[in-house]
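**Q** Sharing a structure with you now.
The values are calculated or read from the model by the stated rules, or taken from the named source; none is laboratory data. What you see is a predicted model; the values in this text were computed from it and never measured. Reconstructed Cβ throughout: ideal geometry from the backbone, glycine too, with neighbour counts over all protein chains shown.
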Amino acid sequence: MKVTALIGLLVACGPSGTGSTTGSGSGSASGSASETTPTDEAPKRQLVTVTIVSAEIAGTMPNGQEWDAQDSKSEQTIDKSIALYLKDHPELGDTVEVLGIPIDVPKLGAEAESSVAADPMVLVQIGDAVYRSPMKPRAFNPVWEFPFQFIYDPETAASTNARILIVDYDGPTRFDTIGAKIVPLEDLLGKSVHEFGSFGSVAKLTVEVSTTELPAEPNPQVRRLAVPGNATWIDASIDVTAGQKLTITAADEICFKSKSWCAGPEGLRRAHESSLPGFKKLSHGALIGSIGDTRFMIKRERTLIAPSSGRLRLGINDGNVSNNSGSFAVQVTVELDQ
């Protein structure tokens, strides 16, 4: 994996050779070089992709106890990161209770709360952005292969740090710190592969970094599809990387209980007991989405910076879709957040 050097990209444009004197002026015996004024090329903004690959974690907490031997506590450092993460993603709404629980295995969160092994999750904070990996249950050698992207501007980010937190996940607001590390962004971008040594209860953390120049012209990925009312989740056939910008718009309507009620993508104007877990207080039948293990409300239109990485799925906020009819016409646009 090739890494383009990001620091010190100022290129001085000097004279390309020796000049000579011409004309009838007095001149000099040796001649004089043609004088040119050096100009600086502006530092180039780069697209950075960081992949949190894997880690090796100690079998017990630093005090020798098993990871879930006592009630976990949200340390202030973790609280700040989670608060910032949720502040930056208001589209998550009341779905905080499912933050970090894979949608494919709904009971996994409950298992994580009681397992004696670590259930590691990674939070990376760079500037005002927080990127969150999925949780890996009962793993002392977790492999996340979690990518996220951001734009690096040498003019504004030279003194920025990357703050890496590995936590034992026990619930949306319950964490034990496994290890915390601060890495200057310049150092992070200086190598294509990092193997950070021991910090906290982390024996090793492997991180990969790659950079590319930003394209001259945006090239968004656009997909149009139908989301049927009788399917809880469908695969949108789009892989999303945390940090990318998504714009999702929807139209048309679906009907519930043999057309007793119909609604557009914004859903009914009330909650319903048959809505999905994590969406019980939100509009019944509304368009919802998921990326990896994060679920969020969409309704008729939503623009967001992807909070997680993974396959985009779209669905209906209804736990009993068998008697629904109709579909939503949806357009998804994925592009760089510039």
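**Q** Return the residues of segment 300-338 that are closer than 30 Å to GLN46 by Cα and surrounded by fewer than 19 Cβ atoms within 10 Å (Cβ to Cβ); say none if nothing qualifies.
**A** Initial filter on segment 300-338 (closer than 30 Å to GLN46 by Cα): 301-313, 331-338.
If the condition is that a residue be closer than 30 Å to GLN46 by Cα and surrounded by fewer than 19 Cβ atoms within 10 Å (Cβ to Cβ), then GLU301, ARG302, THR303, ILE305, ARG311, GLN331, THR333, GLU335, LEU336, ASP337, GLN338 are the ones that fit.
**Q** Which members of segment 167-191 meet the condition of being closer than 30 Å to GLN338 by Cβ and in contact with a Lys or Arg (Cβ under 9 Å, 6 or more places away or on another chain)?
**A** To start, the set of residues in segment 167-191 that are closer than 30 Å to GLN338 by Cβ comprises 181-191.
Of everything in segment 167-191, those that are closer than 30 Å to GLN338 by Cβ and in contact with a Lys or Arg (Cβ under 9 Å, 6 or more places away or on another chain) turn out to be LYS181, ILE182, VAL183.
**Q** Next question. Taking the conditions exactly as written (more than 30 Å from PRO218 (Cα to Cα) and aromatic (Phe, Trp, Tyr)), does PHE279 satisfy them or not? Working first, answer last.
**A** Values: more than 30 Å from PRO218 (Cα to Cα): yes; aromatic (Phe, Trp, Tyr): yes.
So PHE279 passes the test.
**Q** Quick one: how many residues across segment 291-311 are modelled with pLDDT of 95 or more and among the aliphatic types (A, V, I, L, M)?
**A** Of the residues in segment 291-311, 0 are modelled with pLDDT of 95 or more and among the aliphatic types (A, V, I, L, M).
**Q** Now a separate question. For segment 181-236, which residues satisfy the criterion of being within 19 Å of the chain's Cα centre (by Cα) and of a type in the set (Gly, Ala, Ser)?
**A** SER210, ALA236
Per-residue answers, yes or no, for (1) of a type outside the set (Phe, Trp, Tyr); (2) over 30 Å from the mean Cα position of the chain (by Cα); (3) outside the structural domain of ILE52 (by TED's automatic domain parsing):
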{"residue": "THR247", "(1), (2), (3)": "yes, no, yes"}
{"residue": "ARG269", "(1), (2), (3)": "yes, yes, yes"}
{"residue": "PHE279", "(1), (2), (3)": "no, no, yes"}
{"residue": "SER283", "(1), (2), (3)": "yes, no, yes"}
{"residue": "GLY289", "(1), (2), (3)": "yes, no, yes"}
{"residue": "THR294", "(1), (2), (3)": "yes, no, yes"}
{"residue": "ILE298", "(1), (2), (3)": "yes, no, yes"}
{"residue": "ARG302", "(1), (2), (3)": "yes, no, yes"}
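**Q** Please go through segment 162-198 and give me each residue that is among the hydrophobic types (A, V, I, L, M, F, W, C) and part of a helix (DSSP H, G or I), ordered by number.
**A** Across segment 162-198, the qualifying residues are LEU185, LEU188.
**Q** Report, ordered by the first and then the second residue, all pairs with beta carbons closer than 8 Å, sequence separation of six or more or different chains, a first member in segment 323-338 that is farther than 15 Å from LEU304 by Cβ and in contact (Cβ under 8 Å) with a residue 12 or more places away in the chain, and a second member that is surrounded by 14 or more Cβ atoms within 10 Å (Cβ to Cβ) and aromatic (Phe, Trp, Tyr).
**A** Going by the 8 Å Cβ cut-off, the qualifying pairs are ASN323/PHE256; ASN324/PHE256.
**Q** To continue, here is another question. Just to verify a result, which residue in segment 287-314, among those that are of a type in the set (D, E, K, R) and assigned to a loop (DSSP other than H, G, I, E, B), is farthest from PRO265 (Cα to Cα)? Working first, answer last.
**A** Applying the first criterion (of a type in the set (D, E, K, R)) to segment 287-314 yields 293, 295, 299-302, 311, 313.
Going one step further and asking which of them are assigned to a loop (DSSP other than H, G, I, E, B), we end up with 293, 299-300.
Working: ASP293: 22, LYS299: 5, ARG300: 5 Å.
Checked segment 287-314; the qualifying residue farthest from PRO265 (Cα to Cα) is ASP293.
**Q** Does TYR152 qualify as being within 28 Å of GLU213 (Cα to Cα), surrounded by 16 or more Cβ atoms within 10 Å (Cβ to Cβ) and among the hydroxyl-bearing types (Ser, Thr, Tyr)?
**A** Numbers: within 28 Å of GLU213 (Cα to Cα): yes; surrounded by 16 or more Cβ atoms within 10 Å (Cβ to Cβ): yes; among the hydroxyl-bearing types (Ser, Thr, Tyr): yes.
Yes; evaluated as a whole, the condition is true for this residue.
**Q** If you go through segment 232-270 one residue at a time, how many are exposed (fewer than 15 other Cβ atoms within 10 Å of the Cβ), in a loop (DSSP other than H, G, I, E, B) and small (Gly, Ala, Ser)?
**A** 2
**Q** A further question on this structure: Which residue pairs have Cβ atoms under 6 Å apart, sit 6 or more places apart or on different chains, and have a first residue in segment 300-320 that is under 15 Å from THR249 (Cα atoms) and a second that is among the polar types (S, T, N, Q) and modelled with pLDDT under 95?
**A** That search, which allows pairs on different chains as well, returns ARG313/SER290; GLY315/THR232.
**Q** Another question about this same structure. VAL183: aliphatic (A, V, I, L, M) and surrounded by fewer than 16 Cβ atoms within 10 Å (Cβ to Cβ), yes or no? Spell out the reasoning first.
**A** Values: aliphatic (A, V, I, L, M): yes; surrounded by fewer than 16 Cβ atoms within 10 Å (Cβ to Cβ): no.
Here the answer is no, as VAL183 does not meet what is asked.
**Q** Next question. Using the structure shown, decide if LYS281 is closer than 16 Å to LEU225 by Cα and either touching a helix residue (DSSP H, G or I) at 6+ places or on another chain (Cβ under 6 Å) or assigned to a loop (DSSP other than H, G, I, E, B) (or both).
**A** Working: closer than 16 Å to LEU225 by Cα: no; either touching a helix residue (DSSP H, G or I) at 6+ places or on another chain (Cβ under 6 Å) or assigned to a loop (DSSP other than H, G, I, E, B) (or both): yes.
Answer is no for this residue.
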